[in-house]
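The values are calculated or read from the model by the stated rules, or taken from the named source; none is laboratory data. Here the structure is a predicted model, which means the values were calculated and not measured. Every residue, glycine as well, gets a Cβ built from its backbone with ideal geometry; the counts of neighbours run over all protein chains shown. Side chains included, ligands, DNA and RNA excluded: accessible areas come from the protein's heavy atoms. Shrake-Rupley method; radii C 1.70, N 1.55, O 1.52, S 1.80 Å.
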Amino acid sequence: MTGLLSRLTGRLFTPRWQHANPAIRSAATDQLDPEIPDQRNILETLILEDDALEVRHAALTRMQSPERLLPLLDRADGLVRERLIELLSGGQDAPSLLSREQLVARLDDSELLSAVAARGDNQQLRLTALSRLEDEEALIHQACHNTIAAVRHAAAARITSQAGLERLVRDAKRDRHVQRQARDILAQRRADAQQADALAASRDNLLRQMEKLPRQAWEDSVPSRYRSLLREWERLPAADYDIQQRFEEARQQAHKVISDHEAREEAIRAHERLSANLNTHLEEILSAVDQAREDLYSRDCVNDHDFASLQAQRRLQGERWRELTDQFSAPAELLERQQRLQQQLQDALDAWHRHQLCQGELDAALIDNDIDQLRRLESEVAWPAGLPQTASLSAVRQAISAAQPEEPTEAAQEQDAVDESPAQDTESADASREGDGTARKASLDLDALDAELARLEADLDAGKLKPASRLHRSLRDRTEGQLDNARQTRLRQLGARVAELRDWQNFVAAPKREQLLEAITTLSERDDISDEQRDRQHQQLIQQWRELGDAAASRDASQAFRTASDAIKLRLRDYRESRKQLREHNLAMRQALCEQLESLNGHAMDDADPDSLRQIRDRAREEWRRHTPVPAGPGRQLSHRFGEALTALQALIDSRAGQIAAAKQVLVDAVEALANEDSPARARAEQAKALQSRWREMGRAPKGEEQRLWAAFRAACDRIFAARDQDREDRDSREQARLDQWQALIERLDSWEPETLEDAALLDDALKEADTLGPLPRGKRGDGMRRRWTGILKRREQRLDELHALQLREEWQQWRDLLEQHAVADASARNGDVQDVALPSTSAFDDNSRQANAARNQMRQALPSNCSAANERLAELRVHLAILFEAPLGSEDESRRLTVQVARINQQLGERMEREEELDEVLDALLANGPLDWDAWQTELPRFDALFNH
């Protein structure tokens, strides 16, 4: 009772929208207000969950706000979407247009936007919906089918893809403007594409020509072609970065080739000019060296500056000589002259070096007037005859000449102590020697006398006191009492000028002598300088003191100067000892260097590299100059020895360089002959590479010869490689032409579709043409074309097979009808009604078929009592057809398959039969086989049909 009451109570108090009757629930929606949240939730529940369609529809009708339906769109069925489209498009109960436009402007649902764009009640509303669409398929639909032209045009304007524009041209039949706009855009794109293709082809052509330019054989027109290509490239619009980069790399390579060629040409011209003027340049060098030697030997007195200038001139001209002789071989007479001049200069420089080493001892001996020491030092210096003497050496010789066997007077000793070169005694001794050398003549040579007077006057004008004093004394002694009045008066006047010049120099030299004395005294007391600086300054002060001669000389000053000099020598004793050891070490190093050079000259290999020998020569010179100073006597001998070793090494270098030049000339002749051959370019290029390897294995010829030979060798190699590149380009052109022919054949075959079996002849012609063209070359394009060709052939053969199968089925239908008639006639013959079956006049039957048909009719006349043999033969013929058609067979036909295969083998022993011929024979045999049992025929007929449909 309680349960029943509960059920009755539930029915009485359940809300109407939850009633079991859909009509009551649908009517209940009219009482629900969507503005009240609870009631709106009830409406949403009914929309989403109610099973009755009318209830959901009624609930949707109450929902008149699109904003409230949007959240339900993804959870509800199509009714919500349709109601939302109706409200947004301006249907029943739709809100205001402004609110709808604002809501559509926020939508992202493509399907909803497409529906509003197609069904909206306002053009601006449709355009707003269209502006939110991004799917091109939807835009195409709007452009083709929208009922408002402005919307169609706006949709068409947003379609940019090639496929979309093509669809507009094809489908936008409703609006000619849209079609024309799409067609114009496509035409413009095709024009742009053609222009881009033309530009790309132009760029590709220019790029290929620029890349080809560095590889081709040199011609005079190459620079002009390079500039022309560059101008044409600059006229084109800017290319992609990769293309531009490729062109820039090709341009740089071409520019480098042109620059290198121009540099080689200029080097060859310079080499030719230098070679033509080689003797002139060498003569100029020798003349400069000879002039430097003559300048030295023409001086009255030499000093350190003269020898430094000589050494610099010798080094400069020696470098110029080596530069030229490294490139060309010098004539023998010039080479001999150069060696002779170098030896003379080396003798003079060696003497000067020995004089420098003995300078300190000479000064001390002069100050002490130690005649024995002076003689020893003079012998050690070994000054060459004819070479002008230095001031100190002149003083030494004057002191030795003035010395007498008896003891010198006290006055003479005092005078010797005052200065290291007593002027009066020296001049007397020189005048005495000159007077003794000329001897008095009974009669004077007046012309010679006038010349000597003129020279005396010139010396006085030049301020040369010593030579003027010496010449004046000589003239005075030789002409005493023998001159006429005019000449005697001139001689006295010149003598007065000599005395005046001596007084002037004494006046000038006095302050200088005091300065030198003060300087050497200060130097002996200084402790803030190194021994090397002290020794150098000491030598300089002694040299300057000696250059003053006897001007303003005094005993006290000379004694003070000597005392300070001795103090400095005492302080430099250890330093000079170390310098002595250094000289001995340098001497040993130079001796070892000479031994190494002599060993190299005596044991040099026949294939020694001249460049390595030149490096050894240059390093030997550097080592020789670095190991200095050396002792005077042994050093002079080593200098001669080193010069001979270098001369021998240079001869070896010239010999090896000449041999290499001759060998390279042979290679040049070989490669030029190879360039003129008519053999295949690739083989010639390989031979040229082998010759290049041999060239690299050789050393360098003399520089000028090397450049000339390399220019000729490189030019011939360039011709060979240019011919190889041209051959390769020709081969590539032929391959390209063949690919183009293949492409045309493939396109022609791809656009062709067989319609009948007679079209197989066209396929055979295409295969013959393909055989004529030859196989496709390997490569990306060739492989792609090969795959495409294979696919097209496969499809066309499949199509021909389909046509053949269709024709075969049609012919089988004619054969089937004929065989069916024979089977019916066989059955009628058993009932006594014997009739012949006529052969249809169609192309499916030939003469063999006519004979088989006649045989079948004849066998029906003599109807056998048993048809089992014909029935078995029928089954064997079916198996034969299955084997021809490669159809599966059951196990019951296994014995028949073996029988048929044996028969086929025996039949084809003499000559293999084509498949079509064998099929015709089987059909003729099938026609001739009879009479058949009707049941056996009806059993086998479906199997025959299945075979021909296989």
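Structure above, values below:
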quantity	calculated
Potential extension, residue 640-residue 773 segment - 0.36 nm per residue separation minus Cα distance	39.7 nm
Mean separation of Cα contacts under 8 Å, 6 or more apart, over the residue count of the range 273-389: relative contact order %	36 percent
Inter-site label distance for residue 180 and residue 841 at 7 Å from Cα along Cβ, in nm	6.3 nm
Cα-based convex hull volume of the range 469-595 per residue, rounded to whole Å³	166 Å³
Debye intensity ratio in log₁₀ form over the Cα atoms of the range 273-389, taken at each q of 0.15, 0.18, 0.22 Å⁻¹	-0.72, -0.91, -1.18
Fully extended contour minus Cα-Cα distance, from residue 333 to residue 309, at 0.36 nm per residue	6.0 nm
Rg/Rh (Cα only; Kirkwood hydrodynamic radius) as it applies to the range 799-949	0.96
Cα-projected label distance for residue 530 with residue 110, points at 7 Å along beta-carbon direction, nm	9.0 nm
Cβ-based net charge around residue 347, under 13 Å, with every Lys or Arg adding one and every Asp or Glu removing one	+4
Derived scalar couplings ³J(HN,Hα) [the range 119-136; Karplus, 6.51 cos²θ - 1.76 cosθ + 1.60; whole Hz; x for Gly, Pro]	10, x, 7, 9, 5, 5, 5, 5, 5, 5, 5, 5, 5, 8, 6, 10, 6, 5
Too-long pairs where the Cα-Cα distance tops 27 Å, listed order kept, from 212/664; 466/580; 466/512; 256/689; 464/569	212/664; 466/580; 464/569
Dipole of the range 799-949, positive end: most advanced residue of 839, 939, 813 [Cβ charges, Cα centre]	939
Nearest-0.05 FRET efficiency for residue 280 and residue 256, computed from C-beta distance (R0 35 Å)	0.50
Relative contact order %, the range 16-193, counting alpha carbon pairs below 8 Å whose residues are six or more apart	11 percent
Kirkwood Rh in Å, taken over the chain so that all alpha-carbon pairs contribute	45.5 Å
Size of charge dipole - the chain - debye, nearest 20, with Cβ of Lys, Arg +1 and Asp, Glu -1, no other charges	1660 debye
Most positive-pole-ward Cα, 307, 360, 291, against dipole of the range 273-389 from beta carbon charges	291
The range 108-143 residues near the modelled residue 171 label - backbone nitrogen below 16 Å, point 7 Å along Cα→Cβ	111, 114-115, 118, 134-143
Formal net charge of residues neighbouring residue 893 (Cβ-Cβ distance under 13 Å; K, R +1; D, E -1)	-1
Solvent exposure of the range 273-389 as accessible area per residue, Å², 1.4 Å probe	48 Å²
Convex hull (Cα only) mean projected area of the range 16-193, reported in nm² to one decimal	11.4 nm²
Å² of accessible area per residue within the range 739-861, as computed with a 1.4 Å probe and no ligands counted	59 Å²
Cβ crowding within 10 Å averaged over residues, with 515-525, 895-905 ranked highest first	515-525, 895-905
For residue 702, net neighbour charge (Lys/Arg +1, Asp/Glu -1) across residues whose Cβ lies under 13 Å away	+1
Cα pair distances exceeding 22 angstrom across the range 633-746, given as percent	56 percent
Selection from 133, 196, 236 lying farthest towards where the dipole of the chain points positive, charges on Cβ	133
Descending principal axes extents, the range 14-106, alpha-carbon based, whole Å	42, 24, 20
Residue-span extension gain [residue 205 to residue 810] - 0.36 nm each, minus C-alpha spacing	212.0 nm
Per residue accessible area of the range 581-685, 1.4 Å probe, in Å²	52 Å²
Amide proton proximity set for residue 390, modelled H, under 5 Å, gap of 5+	302
Whole-percent carbon and sulfur share, accessible surface of the chain, 1.4 Å	48 percent
Estimated distance in nm for a label pair at residue 756 and residue 67, the labels positioned 7 Å out from Cα along Cα-to-Cβ	7.6 nm
Most to least packed among 648-661, 693-706 [average Cβ atoms within 10 Å]	648-661, 693-706
